[in-house]
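Written below as structure tokens is the structure these notes are about.
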Amino acid sequence: MKNKLVVFIVSAALLLVTPLIAQYFGNAWVRIIDIALLYVLLALGLNIVVGYAGLLDLGYVAFYAVGAYMFGLLASPHLSDHFPAIHAMFPQGLHLPLWLVIPLGAGLAALAGVLLGAPVLRLRGDYLAIVTLGFGEIIRVFVNNLDAPVNITNGPKGISQIDSFHVFGLNLGKRLEIGGFELPPVTLYYYLFLALVVVSVVICYRLERSRIGRAWMAMREDEIAAKAMGINIRNMKLLAFGMGATFGGVSGTMFASFQGFISPESFSLQESIMVVAMVVLGGLGHIPGVIVGALLLAALPEVLRYVAGPLQAMTDGRLDSAILRQLMIALAMIIIMLLRPRGIWPSPEHGKVAPPAAGK
């Protein structure tokens, strides 16, 4: 217990000082860490659906978009500018507080998750993946075209002037000075994202060890056997889709406030595939592995920018740095899967052979 307490205290101290160290090398590095934490939130949510319940979801970015656009519409002047009735009631625009935004984002995304899960209860494997992939693309096309005849999402132009969060009167979008030491907005958002990640990890940990988590894992291993044991497969699937979607909705609201601008291009199929890769490469169903996978794949593309640039210069510009960077990411993922087929940090219990019965 003493060793665990020491590890916990040291880890907490490192997490608290990480952005302070990173900002000395530039705010860009803190921003990379912030985006990585958002991907950790997404990966933890998808891990409930894919890792615990065994439901392959390739349209998870749809819930990310739902949360982002909900906050973008309710925390920007867009609706007031385009709807006279709303302008009459809210001349300065809608500006919702943080304590209301997070439950709304989670609830709306959970509703979207249940609506996705209801028609696909009988589907498995590849068929489920294709349907969820289509759902994600439908949401993206939907927000991309809802600018006529009534301008709701502003279409491909996106929504701008989105509010930054205010926590206990502190505006996270402005610099904070403490004793002559400045904390930029990216550092302030880091602590908000870190708090949400910690809460999400606790929720996932409790879910994993609850009756619901055990039912999900039984369903993942053998759906027919789980149903024969009395588990309500329909309710468990809907609950998995709904619970996983809440994490995506909350992540979307954080992303919209952090960026201050959202557009359909931020919620492409590539984002969904990237989040699935984080869960699979990290370790299906294992919270530490999922976190490691999310941090690695979120930070790797940005770090490789500094490698692809010199390689492009060495070839006199014959190789495009963006394509070269994607190639290096793909090679890194292939090498990881060859060396660690069950993930970087797989679950120690998953796949373990049952001990022999006594007397045999």
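What number results when the radius of gyration of region 72-152, computed over Cα atoms, is divided by 2.2 N^0.38 Å?
Expressed relative to 2.2 N^0.38 Å, the Cα Rg reads 1.43.
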Can you sort His166, His286, His87 by solvent-accessible area, 1.4 Å probe, largest first?
His166, His87, His286
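If you average over every viewing direction, what projected area does the convex hull of the Cα atoms of region 217-360 give, in nm²?
Mean shadow area of the hull around the Cα atoms is 13.3 nm².
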Helices from the chain with mean Kyte-Doolittle at least 0.0 and a Cα length along the axis of 18 Å or more, per DSSP H: which?
2-22, 27-46, 61-74, 98-117, 125-145, 185-208, 233-259, 269-282, 287-303, 321-339
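What do you get when you divide the Cα radius of gyration of region 16-58 by 2.2 N^0.38 Å, with N the number of residues? Before the final figure, lay out the partial values.
Numbers: Rg = 14.8 Å, N = 43, 2.2 N^0.38 = 9.2 Å.
Dividing the Cα Rg of region 16-58 by 2.2 N^0.38 Å gives 1.61.
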Setting aside same-chain residues fewer than 8 positions from Lys174, which aspartates and glutamates have a Cα under 12 Å from its Cα?
Asp163, Glu182
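Please state the equivalent ellipsoid semi-axes for region 1-117: what are the square roots of 5 times the Cα gyration tensor eigenvalues, largest first, in whole Å?
In descending order, the three semi-axes are 34, 24, 14 Å.
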With every protein chain present, what is the per residue accessible area of the chain (1.4 Å probe, Å²)?
52 Å²
Considering all alpha-carbon pairs of region 97-195, what whole percent are spaced by more than 16 angstrom?
73 percent
Scale the Cα Rg of the chain by the rule-of-thumb value 2.2 N^0.38 Å and send over the ratio, two decimals.
1.06
Separation between Cα centres of region 301-333 and region 117-164, rounded to whole Å
31 Å
Per residue convex hull volume, Cα atoms of region 154-225, in Å³
189 Å³
Heavy atoms of the protein only, probe of 1.4 Å, neighbouring chains included. What is the accessible area of Lys174 in Å², nearest 10?
130 Å²
Sum of -39500 (n - 2.57) over DSSP H runs of 4+, divided by residues of the chain (222 nm, nearest 500):
-21500 deg cm²/dmol
Charge tally for neighbours of Tyr64 with beta carbon under 14 Å away, counting Lys, Arg as +1 and Asp, Glu as -1, is -3
Within region 46-82: backbone nitrogen closer than 16 Å to the Leu100 label point (7 Å, Cα to C-beta)
70-80
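The values are calculated or read from the model by the stated rules, or taken from the named source; none is laboratory data. What you are looking at is a predicted structure, and each value in this text was computed from that prediction instead of being measured. Counting neighbours? That spans all protein chains shown, and the Cβs are built from the backbone with ideal geometry, glycine included. Just the protein is used for accessible areas: all its heavy atoms, side chains included, with ligands, DNA and RNA removed. Shrake-Rupley method; radii C 1.70, N 1.55, O 1.52, S 1.80 Å.
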